[in-house]
Amino acid sequence: MVINYDGAELVKITQGNITIAINPPSKKSKYSTTSFGSDIVLVTTNHPDFNGIENATRSEQIPFAITGPGEYEVKEMFIRGFPTKTRYGGEERVNTVYVFQIDGINVAFLGALSETDLSPEIKEEFGDLDIIFVPIGGEGVLEPEEAYQLAVKREPRIIIPIHYGDIGKKDALKRFLKEAGEENLKPLEKLTVKKKDLEGKEGEIVVLR
């Protein structure tokens with residue numbers, strides 16, 4: 001499985017011939033990206049910065065789009081979405097936390113979450129969590145310190161911060177790494193990982209460029 005982070009909250013996960021795009025910015029967003037092909041698109045929040053399904057569509061490749069809470073089965077994957085809240089963009093909106101498994105790896109994507117606690121149902125669904133993507137930028141989503149504390153309580157093997165850099169507070173990543181005691185952590189261009197690679201890991205921070 002290969003994971004790329006392309007800024008804002010756009011994450012691309014590729015496993016074999018399947019590509020999942022999560023929170024691609026739309027053409028109305030200042031974070032807009034060039035169009036690319038994907039098989040599945042997950043949108044956590046109905047906001048131009050995250051709902052650009054058209055940017056994850058190329059020529060005749062129309063992705064299966066999931067835009068809110070519910071249970072979905074696509075490409076032999078089972079995806080569950082749970083409603084939470086975000087204050088991104090200056091008003092309260094529904095934010096969907098997605099949980100799914102790919103290549104035997106259990107993944108949770110928190111999206112533009114602003115709540116510092118999660119419902120018992122979501123916590124139970126996380127189960128034996130391998131990778132969690134957590135927003136750290138503040139300004140309507142979790143503050144860096146809140147994001148780290150929330151993520152580490154879920155006991156994932158890997159924590160990947162998103163929603164920083166050009167989006168959110170400028171010092172968000174620095175504050176997040178300080179909270180984690182990882183100020184000197186070097187970012188990676190991409191993360192290539194298999195289930196066996198996760199053995200023995202506990203709350204390891206991975207920063208993607």
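The values are calculated or read from the model by the stated rules, or taken from the named source; none is laboratory data. Here the structure is a predicted model, which is why all the values come from computation and not from measurement. When we count neighbours, we look across all protein chains shown, and the Cβ atoms used for this are built from the backbone with ideal geometry, even at glycine.
General observations
- Residue ID - surrounded by the fewest Cβ atoms within 10 Å (Cβ to Cβ), chosen from residues in region 97-133 that are more than 25 Å from VAL193 (Cα to Cα) and in contact (Cβ under 8 Å) with a residue 12 or more places away in the chain: GLU121
- Number of the condition not met by ARG175 [criteria: (1) part of a loop (DSSP other than H, G, I, E, B); (2) free of Cβ contacts under 8 Å to residues at least 40 places away in the same chain; (3) under 24 Å from GLY7 (Cβ atoms)]: (1)
- Restricting attention to region 37-46, the residues being touching a Ser or Thr at 6+ places or on another chain (Cβ under 6 Å) and either among the aromatic types (Phe, Trp, Tyr) or part of a loop (DSSP other than H, G, I, E, B) (or both) number 4.
- Residue in region 32-39 that is without any contact (Cβ under 8 Å) to a residue 24 or more places away in the chain, of a type in the set (S, T, N, Q) and closer than 23 Å to ARG93 by Cβ present: yes
- Subset of region 140-195 (residues that are touching a Pro at 6+ places or on another chain (Cβ under 7 Å) and farther than 24 Å from PRO25 by Cβ): GLU179
For (1) over 15 Å from the mean Cα position of the chain (by Cα); (2) part of a loop (DSSP other than H, G, I, E, B); (3) surrounded by fewer than 18 Cβ atoms within 10 Å (Cβ to Cβ), each residue gets a yes or a no:
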residue: GLY7; (1), (2), (3): no, yes, yes
residue: LYS12; (1), (2), (3): no, no, no
residue: PRO24; (1), (2), (3): no, yes, no
residue: TYR31; (1), (2), (3): yes, yes, no
residue: SER35; (1), (2), (3): yes, yes, yes
residue: PRO48; (1), (2), (3): yes, yes, yes
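- Residue in region 126-144 that is at pLDDT below 95 and not in a loop (DSSP other than H, G, I, E, B) present: yes
- Restricting region 187-202 to residues that are touching a residue at least 12 places away in the same chain (Cβ under 8 Å) and assigned to a loop (DSSP other than H, G, I, E, B), the residue that is nearest to ILE105 (Cα to Cα): LYS194
- With respect to (1) under 24 Å from VAL94 (Cβ atoms); (2) crowded, with 22+ Cβ neighbours inside 10 Å, the lone exception for ILE158 is condition (1).
- Considering region 56-102, the residues that are assigned to a helix (DSSP H, G or I) and of a type outside the set (A, V, I, L, M, F, W, C) include one that is nearest to the chain's Cα centre (by Cα), namely TYR88.
- Criterion violated by PHE82 - all others in (1) in contact with a helix residue (DSSP H, G or I) (Cβ under 6 Å, 6 or more places away or on another chain); (2) farther than 27 Å from GLU124 by Cβ satisfied: (2)
- Per the conditions (1) over 15 Å from the mean Cα position of the chain (by Cα); (2) surrounded by 18 or more Cβ atoms within 10 Å (Cβ to Cβ); (3) not charged (D, E, K, R), the sole criterion not satisfied by VAL207 is (1).
- Condition met for GLY181 (small (Gly, Ala, Ser), surrounded by 15 or more Cβ atoms within 10 Å (Cβ to Cβ) and at pLDDT 95 or above): no
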